[in-house]
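Student: Handing you a structure now.
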Amino acid sequence: MIKTHPIRPARIRRHLAHLTVIGAAGVFGLALVAAMQAAGHVATDGGGLSGNYAAAVPAPAIAENVRLPGEAYDLAFDAVANRLWLAIMQRSGPDQLVAVTTDGLEQQTWLLPDADYGGFVSRVKVGDGGNVWVTQPYRLIRFDTKTETFTFTEFDREVPDAFANALDPGNPLPGTWISAIAPDGIGILVARNNVPYLLELDAQLKEVGRRPIPDEYAGAQDLALAADGTVWAISGPTAARTVALLAANGDVVTTVGGGGIRLEAADGRVIALGVSNGSAELAPDGTVNPGPAIGRSDESRVATYGTTTVIYDAGTATVSFFAGDELVGRLEFDEVSVEVPNPAGGVVIGRMRPRVNDVATDGQGRGWYLDGNAHTLVRLSW
C-alpha cells in the first residue's frame with residue numbers, strides 16, 4: 001500500500017534551551033551531563049581528554065549541543081543542504097523527522113507516520129538530491145525535501161519466497177521486518193529479515209525488481225552500494241558474521257571475514273566496522289584496505305565524507321576524528337558518578353558514560369555524535 005501525504009507544518013527552533021524528560025532514565029541522563037560538565041569532561045560543552053592519549057592527540061577545541069525532542073539512533077549527513085537528519089520514534093509521544101543545519105544549528109521537525117515503536121533499529125539515509133529515507137519495522141518512508149511530502153509503503157509480514165519458517169514462533173528471530181536499506185540514484189535497495197533477496201524499489205516506492213542473495217545474507221544487517229550494480233552486505237542476524245561484496249545476480253564477489261558491525265557509504269567511499277582488526281575501507285573491486293584498529297564492539301559507529309572519517313569505538317568509549325589516515329583528534333569519555341533520585345526515597349549512585357548512539361561528519365572538519373542519555377546532538381570542532 002502506497003500513500004502520499006502533505007507535510008505537517010514545520011517548526012524551527014534555534015539552540016533549544018530546555019528538554020522535557022519523563023521517567024528516571026531521562027533524569028539519569030541529565031544528571032550524567034551535569035556531572036560530566038562539573039568534572040570538566042566534554043559531554044556537551046567542551047573540556048579535556050584524559051588517559052594515555054591526552055598528550056598525543058588533541059581534544060576538541062569547541063563542543064556545542066542541540067537538545068532534541070527525544071532519543072534518536074541514526075544520523076545522516078545531507079551534503080546538498082548541509083543538514084543532518086535523524087528520526088525520533090517513541091511509544092508515547094509523536095514520531096518526528098528532524099533536520100539540523102550544520103552551521104546555524106537550526107532545528108526543523110516534521111511529524112512522521114506513527115509506528116508505536118521505540119526506533120532502536122530504524123535507519124535514516126539520504127539519497128541523491130537530498131531526499132531522505134526512513135525505516136520503521138514494516139514501513140519504508142521517503143521524504144521529498146523539495147515538496148516537503150512523505151510517501152510511504154507498508155510491507156506485509158507474509159512475503160513471497162521468504163524462508164519457510166520466517167513467521168514460525170520456533171524461529172530464533174521470526175518476522176520479516178526491514179533490516180537494512182541502501183539508496184541509489186533512482187530508488188532504493190531493501191533487505192528484510194528471513195527474506196533471501198533484496199527488493200529494488202523506484203522513487204515512488206514501487207517494486208521494480210528482486211536481487212537474489214545467499215541465504216546467510218537474508219536479513220542483511222547493513223548495506224552499502226559499491227559500483228557497477230554491486231553491493232556490500234553484512235550477513236543476517238543468525239549467520240556467522242561476515243561482510244561480502246555481492247553482484248547484481250547474487251554471486252559473491254569477495255568476502256571479508258572476522259565479523260562486521262556497520263557499513264557507511266558516502267562520497268564514493270565505503271567504510272566497514274568490526275572487520276579484521278577493527279575498521280577497513282572497502283574498494284569497489286572488492287579490495288579491503290585495513291584502517292584504524294578500533295570499532296570492533298557491536299555498539300561502535302562510523303561516519304565518512306570526503307577524506308574525513310569519524311569512528312566511535314564503544315570498547316574504549318572514544319570518538320576519533322581522521323583526516324585521511326591522520327588522527328586529528330580524539331574525545332575520550334570518562335566514567336563518572338551520578339546521583340539519581342530514587343522514587344522510593346533517597347538517591348541511587350551510579351557510574352556511567354554518555355551513550356553514543358551514532359556519529360557523523362559534515363565535511364567541514366567537524367564531528368558529531370548523538371548522546372542517547374541527554375537527548376542531544378553534539379558538534380565537535382578541532
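Nothing in this text is a laboratory measurement; each read-out follows from the coordinates by a stated rule. Just so you know, these numbers come straight off a predicted model, no measurement behind them. Heads up, the Cβs are rebuilt from the backbone with ideal geometry, glycines too, and the neighbour counts pull from every protein chain shown.
Student: Considering only C-alpha atoms, what is the centroid distance from the range 192-224 to the range 337-366, in Å?
Tutor: So the separation of the two Cα centres works out to 36 Å.
Student: What are the semi-axes of the equivalent ellipsoid for the chain, taken as the square roots of 5 times the Cα gyration tensor eigenvalues, largest first, in whole Å?
Tutor: Numbers: eigenvalues 211, 123, 86 Å².
Here the semi-axes work out to 32, 25, 21 Å.
Student: Can you tell which of 230, 348, 300 lies farthest toward the positive end of the dipole of the chain, using +1 and -1 charges on the Cβ of basic and acidic side chains (Lys, Arg; Asp, Glu)?
Tutor: Of the candidates, 348 comes out farthest on the positive side.
Student: When Lys and Arg each count +1 and Asp and Glu each count -1, what net charge do the other residues less than 10 Å away from residue 319, Cβ to Cβ, add up to? Walk me through the intermediate numbers first.
Tutor: Details: positive: 301, 330; negative: 313, 332.
Charge balance near residue 319 sits at 0.
Student: Give me the orientation-averaged projected area of the Cα convex hull of the range 271-332, in nm², one decimal.
Tutor: Details: hull surface 15.7 nm².
In nm², the orientation-averaged hull projection of the range 271-332 is 3.9.
Student: Count neighbours as other Cβ atoms within 10 Å of each site's Cβ, and list the chymotrypsin sites (Phe, Trp or Tyr not before Pro) in the range 78-175 that are DSSP loop with at most 13 such neighbours. Show your work: numbers first, answer last.
Tutor: Values: sites: 85, 110, 117, 120, 133, 138, 143, 150, 152, 155, 163; in loops: 117, 120, 138, 155, 163.
Here the chymotrypsin sites (Phe, Trp or Tyr not before Pro) that fit, given the DSSP loop and packing criteria, are 120.
Student: Expressed as an acute angle from 0 to 90° and rounded to the nearest 10, what is the orientation of the C-alpha long axis of helix 24-39 relative to the principal long axis of the chain?
Tutor: Taking the Cα atoms of the chain, the angle to 24-39 is about 50 degrees.
Student: So, by mean Cβ neighbours within 10 angstrom, what's the order for 285-294, 75-84 with the highest one leading? List each step's numbers first, then the result.
Tutor: Numbers: 285-294: 15.0, 75-84: 19.0.
Answer by packing, highest mean first, reads 75-84, 285-294.
Student: Which values of log₁₀ I(q)/I(0), to two decimal places, follow from the Debye formula for the range 265-382 at q = 0.10, 0.12, 0.16, 0.20 Å⁻¹ with a uniform point scatterer at every Cα?
Tutor: -0.35, -0.47, -0.75, -1.06
Student: What FRET efficiency comes out for the pair residue 128/residue 347, r = Cβ-Cβ distance, R0 = 35 Å, nearest 0.05?
Tutor: Values: r = 52 Å, r/R0 = 1.47.
It comes to 0.10.
Student: From the P(r) of the range 74-201, can you give the percent of Cα pairs sitting at distances over 18 Å?
Tutor: Of all Cα-Cα distances in the range 74-201, 55 percent exceed 18 Å.
Student: Then there is this: May I ask for log10 I(q)/I(0) of the range 173-258 at q = 0.12, 0.23 Å⁻¹, from a Debye sum over the Cα atoms as equal point scatterers with solvent left out?
Tutor: -0.30, -1.09
Student: Another question, if that's okay. Rounded to a whole number of µm²/s, how large is the Stokes-Einstein D of the range 107-174 at 20 °C and 1.002 mPa s, given Rh as the Kirkwood radius over C-alpha pairs? Intermediate results must be reported in sequence, preceding the final value.
Tutor: Numbers: Rh = 14.1 Å.
My calculation gives 152 µm²/s for D.
Student: State the dimensionless ratio Rg/Rh of the range 210-260 (Rg: radius of gyration of Cα atoms; Rh: Kirkwood radius).
Tutor: Working: Rg = 9.7 Å, Rh = 10.6 Å.
Value, to two decimals: 0.92.
Student: GluC sites (Glu not before Pro) within the range 137-199: which are DSSP loop residues with at most 12 other Cβ atoms inside 10 Å? It would help to have the intermediate numbers written out before the result.
Tutor: Values: sites: 148, 154, 158; in loops: 148, 158.
Loop-located and lightly packed - 158.
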